[in-house]
Structure formats: structure tokens, C-alpha cells
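Derivation of every value follows stated rules applied to the coordinates shown; laboratory data play no part. For clarity, every value in this text was computed on a predicted model and none was experimentally measured. Cβ placement follows ideal geometry from the backbone for every residue including glycine, while neighbour counts extend to all protein chains displayed.
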Amino acid sequence: MSRPWPWLGRRSARPILSVMDSDGELLLGLRSGDERAFVSLVRRYHEPMLQLAASFVPSRAVAEEVVQDTWLAVLRGLEGFEERSSLKTWLFRILVNRARTTGTREQRSVPVADPEPVVDPSRFDASGGWADPPEHWIEAAEGRMEAGKLADRVRVWIDELPARQREVVLLRDVEGMSSEEVCTVLALSEGNQRVLLHRGRSRLRQLAEDEFRGVR
Amino acid sequence: MRLLLRRDLVCQQAVELVTDYLEGTLSRSARRRFEAHLAGCPHCTEYLAQMRETISITGRLAPEDLTPQMRDEFVDLYRRWRSEQP
């Protein structure tokens, strides 16, 4: 009997793995030795991992080595991966551990509660109210985003953030990890994670405001 | 609500609480104070909307894909690794 809609519900013997598959599906593929699952995983996380690694090491070339090593470590560690964390958290944790041991950046101290305000104090009056309130830019940003003309700027802004803020923003807001996952990957306390996130996001908001106000 | 005035937030304090607010880590009373401030302050309401927009934009950055050449290199890496497995 011929199928009325042959293009629907047809399963090929080997499902085609793509970047659209969930990490869970990729993990299954990886465990069954499917090289396409590995390539999909690399396509999904190679650039984000490079970006994060670059925050710990002195050059792009070293970051590339660290990421390359990480992929090998992932292949070797796959069998022992117990899924106590998500695949993504596991990947980034391996990466950060390697980047830290490779990085020449001196031992980083825990950020103490830094009293530095996130909005320029000169924008408030003596009673703490807005003297120079935020200008509207959301609609303009959405327009530029839809036209595909904002993403590259935002990447530049993220690169300009201080390293520790950048690391948290990349994992939380770009990669969409939970705060618990970010704390695990970066070995941060919840409180410090939040402080860094607050500074990073606030700084990005300011850069967006400057952009649309025409300051930059 | 006059009695609460002394404990009211000013804008300069409110902007420092935005992330705690969005993360849901403010105490109930602090959250109420924050929301009461927003209700009377269009500028801080705008500021909060901009922080949300900032998060939303960052969340829409798609990672760059590998070049075909790099993809091939990773296929090679994988095959080499497989061939070394017992």
C-alpha cells in the first residue's frame, strides 16, 4: 500500500543528526559512535568555547589549542560521563579547567563586593533620582536586530567587558545556562556570579544606550 | 502608605537591584519595595525594560558555524580517535 503522504513520518534507518538536535540526542549518537553527532556537537559549541577560552589565555592561538585539547578530552571522557550534569556543563567545565591551567593570567582573586555603581552617578540628582534618565532605544534595537545589523556590534561589546563579567555573560545570557550551571563551570559562588552578571549586563545596556544615542 | 516613605527606594538604588530582581533573589519585602518604586517611576521602568531587552538580544546571538574545512578536520580528528580505540 502506498503511503498517502510519503514525505511525512518517514524514518530513515539512521536518523540524520543536525545542529538542531538536542544535546541528549547528540549524546546518544556520540555513545553509539556516530561521527555526525560529534561534528554536530563541535559545530554547536566550538565557537562559544573558543570565545570563553580566549578570556583565560593570552592569545587566540592558545585558545584554539585549549579547545582542541578539550574536544579530545571529551572523546576520551565520554564513556565515563555519568550525566550528573548536562552535557553542555560538562563540556564547558572541561574547557575552563584546561584554560585555567594553561592560562597565564595570575591567580584571580574573588571579586569583593565592589562599591562601584553600574550607572554613572552623574546621571542622578542629589536625592538619587534620575537627572539624565535612560533614553528609549528598544524599538531601534529590535529593528537593527531584525535587519541582522546589531549582532556583530553586541559581540564587540561583549568582548570589551572585563574578563570575569564576560565569562558569566557568555555562559548565562549567550549560552542560556542556569546560574547553578555557571557557578559549576566557573567555580563561582552564587553571590559572585550575580555580582558579575549584574555588572556585565548593566555595562551592555549602557553600551546599547550609547549606540542608539549616537555617542559611539 | 505614607509611613513607608522613609524606606522608599531612590532610582540610584533601584538600578543596583535589577539583577537581583530578575534573578528572583530579593526578599519579599525588598521585592515589594522595588515594585512599588517602579510603579511610580517611568524611568526605572524603562531601565528595567532595557535590561530585559539587553538580555534578550544577547540570547539571540547565534554561534558562528564551522568552515567546511574545519568540519573536515574534526571528522579526521574523530576518525583518528576511533581508530585508536581497542
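Could you please find all residues in region A:124-141 being aromatic (F, W, Y) and within 28 Å of the chain's Cα centre (by Cα)? Scanning region A:124-141 gives a single hit, A:W137. Considering each residue of region B:23-44 in turn, at least one proves to be within 12 Å of the chain's Cα centre (by Cα) and not small (G, A, S).
To keep it simple, each residue is scored yes or no on (1) in contact with a Lys or Arg (Cβ under 8 Å, 6 or more places away or on another chain); (2) touching a residue at least 60 places away in the same chain (Cβ under 8 Å); (3) more than 9 Å from chain B (Cβ to nearest Cβ).
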site	(1), (2), (3)
A:P121	no, no, no
A:G129	no, no, no
A:W137	yes, yes, no
A:A140	no, yes, yes
A:E146	no, no, yes
A:K149	no, no, yes
A:T184	yes, yes, yes
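Say whether the condition of being closer than 25 Å to A:V156 by Cα and out of contact with any strand residue (DSSP E or B) (no Cβ under 7 Å at 6 or more places or on another chain) is met by at least one residue in region A:72-85. No - not one qualifying residue is present in region A:72-85. The number of residues in region B:50-60 being at the interface with chain A (Cβ under 7 Å from one of its Cβ atoms) and under 8 Å from the mean Cα position of the chain (by Cα) comes to 3.
One residue is enough: does region B:61-68 have a residue meeting the conditions assigned to a helix (DSSP H, G or I) and either surrounded by 11 or more Cβ atoms within 10 Å (Cβ to Cβ) or more than 10 Å from chain A (Cβ to nearest Cβ) (or both)? Working first, answer last.
Just the residues of region B:61-68 that are assigned to a helix (DSSP H, G or I), to begin with: B:68.
Still in the list and also either surrounded by 11 or more Cβ atoms within 10 Å (Cβ to Cβ) or more than 10 Å from chain A (Cβ to nearest Cβ) (or both): B:68.
Within region B:61-68 (the criterion being assigned to a helix (DSSP H, G or I) and either surrounded by 11 or more Cβ atoms within 10 Å (Cβ to Cβ) or more than 10 Å from chain A (Cβ to nearest Cβ) (or both)), the answer is yes, since at least one residue qualifies.
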